[in-house]
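For reference, the structure discussed in these notes is given below.
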Amino acid sequence: MSNPEAGGETVAAPPVRRLRRAERREQILDAATRAFARAGYAATGLDDIAAEAELTRAMLYRHFDSKADLYRAVLDRACVRLAEATGTDDFDEGAIPALLRAASADPDGFKLLFRYAAREPDFRELIDSITAASREVARRNLARRIPAGPWLDWAANLIPAFTLEAVIAWLDAGRPDPGQAAERITAAVHGVMAAAHPS
């Protein structure tokens with residue numbers, strides 16, 4: 001196809017790059033993650049996401065039924081990536097470095113999960129389930145070092161929440177000292193553990 005240009009000449013339009021369905025879906029999810037992270041769920045429209053993806057709104061509807069469906073897919077993908085990067089069973093010396101790597105690889109997805117989605121009533125149950133699972137893993141691991149009781153409960157609730165906030169604050173600060181960040185966050189976590197342990 002050609003487009004008329006000034007002077008009567010025609011110039012061939014650049015070919016449209018055809019992507020496989022899975023690739024197009026990933027392109028849309030990437031664009032939606034950026035758009036939602038920039039403005040939040042409520043303030044982001046499908047037109048914003050289509051513009052970010054350089055697609056039409058109709059193309060979005062070929063892959064997702066609604067904005068809520070698209071947001072859920074963005075959150076689900078962020079959860080899968082996080083689980084793949086960190087595992088789900090143990091908090092050991094590799095847990096915080098793995099969490100930082102996951103956050104660095106997908107900072108917008110990480111912030112959507114742990115900062116923005118928690119504020120969205122329609123998606124709160126996803127974050128609540130992640131929080132409950134994190135607390136249970138923390139409790140199981142901390143029980144090896146802290147006796148059962150209210151201080152174990154305190155540490156099991158505080159450490160996952162603190163760790164996530166520490167990682168988000170690190171992202172917001174521009175990821176300073178990436179080689180030392182895990183060590184610094186780990187030192188703070190050990191401080192919580194020491195505070196929870198009876199003297």
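If you place +1 on the Cβ of every Lys and Arg and -1 on the Cβ of every Asp and Glu, how big does the dipole about the Cα centre of the stretch 64-199 come out, in debye to the nearest 20? Don't skip to the answer; put the middle values down first.
Numbers: 16 positive and 20 negative charges, 51 e Å.
Dipole about the Cα centre, nearest 20: 240 debye.
Take Arg119, project a point 7 Å from its Cα along the Cβ direction, then tell me which residues of the stretch 132-176 have their backbone nitrogen under 18 Å from it.
164-173, by backbone N distance to the label point.
Where Rh denotes the Kirkwood radius from the mean inverse Cα pair distance, what is Rg over Rh for the chain? Working shown, then result.
Working: Rg = 21.8 Å, Rh = 19.2 Å.
A ratio of 1.13.
Using the Kirkwood formula over every pair of different C-alpha atoms, what hydrodynamic radius in Å results for the stretch 52-131? Show your work: numbers first, answer last.
Values: mean 1/r = 0.0719 Å⁻¹.
By the Kirkwood definition, the hydrodynamic radius is 13.9 Å.
Using mean Cβ contacts within 10 Å as the protection proxy, how do 128-136, 176-184 order, highest first? Walk me through the intermediate numbers first.
Details: 128-136: 14.4, 176-184: 12.7.
Packing proxy ranking, top to bottom: 128-136, 176-184.
For the stretch 119-175, what ratio Rg/Rh do Cα atoms give with a Kirkwood hydrodynamic radius?
Ratio of gyration radius to Kirkwood radius for the stretch 119-175: 1.07.
What length, rounded to one decimal in nm, is gained on full extension from His190 through to Arg25, with 0.36 nm per residue of separation minus their alpha-carbon distance? Don't skip to the answer; put the middle values down first.
Numbers: separation 165, 0.36 × 165 = 59.40 nm, distance 4.14 nm.
Between His190 and Arg25, full extension yields an extra 55.3 nm.
Which ³J(HN,Hα) values, rounded to whole Hz and listed in residue order, are derived for the stretch 183-197 from phi using the Karplus coefficients 6.51, -1.76 and 1.60 in 6.51 cos²θ - 1.76 cosθ + 1.60 with θ = phi - 60°, glycine and proline given as x?
Calculated HN-Hα couplings, in order: 5, 5, 5, 4, 4, 5, 4, 5, x, 4, 4, 5, 5, 7, 7 Hz.
Tell me the Kirkwood hydrodynamic radius of the stretch 30-73 in angstroms, computed as one over the mean inverse distance between distinct C-alpha pairs.
Numbers: mean 1/r = 0.0994 Å⁻¹.
Radius from the Kirkwood sum: 10.1 Å.
Which whole-Hz couplings ³J(HN,Hα) result when phi for each residue of the stretch 164-174 is put into the Karplus expression 6.51 cos²θ - 1.76 cosθ + 1.60, θ = phi - 60°, listed in order with x for Gly and Pro?
4, 5, 5, 5, 5, 4, 5, 4, 4, 7, x
What number in nm² do you get for the stretch 85-179 if you take the convex hull of its Cα atoms and divide its surface by four? Write out the running numbers ahead of the final one.
On the way: hull surface 26.3 nm².
Convex hull of Cα atoms, orientation-averaged projection: 6.6 nm².
If you project the alpha carbons of the stretch 140-199 onto the principal axes, what extent comes out on each, in Å, largest first?
Result, largest extent first: 38, 17, 17 Å.
Given R₀ = 30 Å, what would the calculated FRET efficiency be for Arg57 paired with Asp128, taking r from the Cβ atoms and rounding to 0.05? Intermediate results must be reported in sequence, preceding the final value.
Values: r = 32 Å, r/R0 = 1.06.
For R0 = 30 Å, the calculated efficiency reads 0.40.
What is the Cα centroid distance between the stretch 154-199 and the stretch 121-140, reported in whole angstrom?
18
Laboratory data are not the source of any read-out in this text; all were calculated from the coordinates shown. Everything numeric here is computed off the predicted structure, so don't read it as measured data. So basically every Cβ, Gly included, is an ideal-geometry build from the backbone, and we count neighbours across all protein chains shown.
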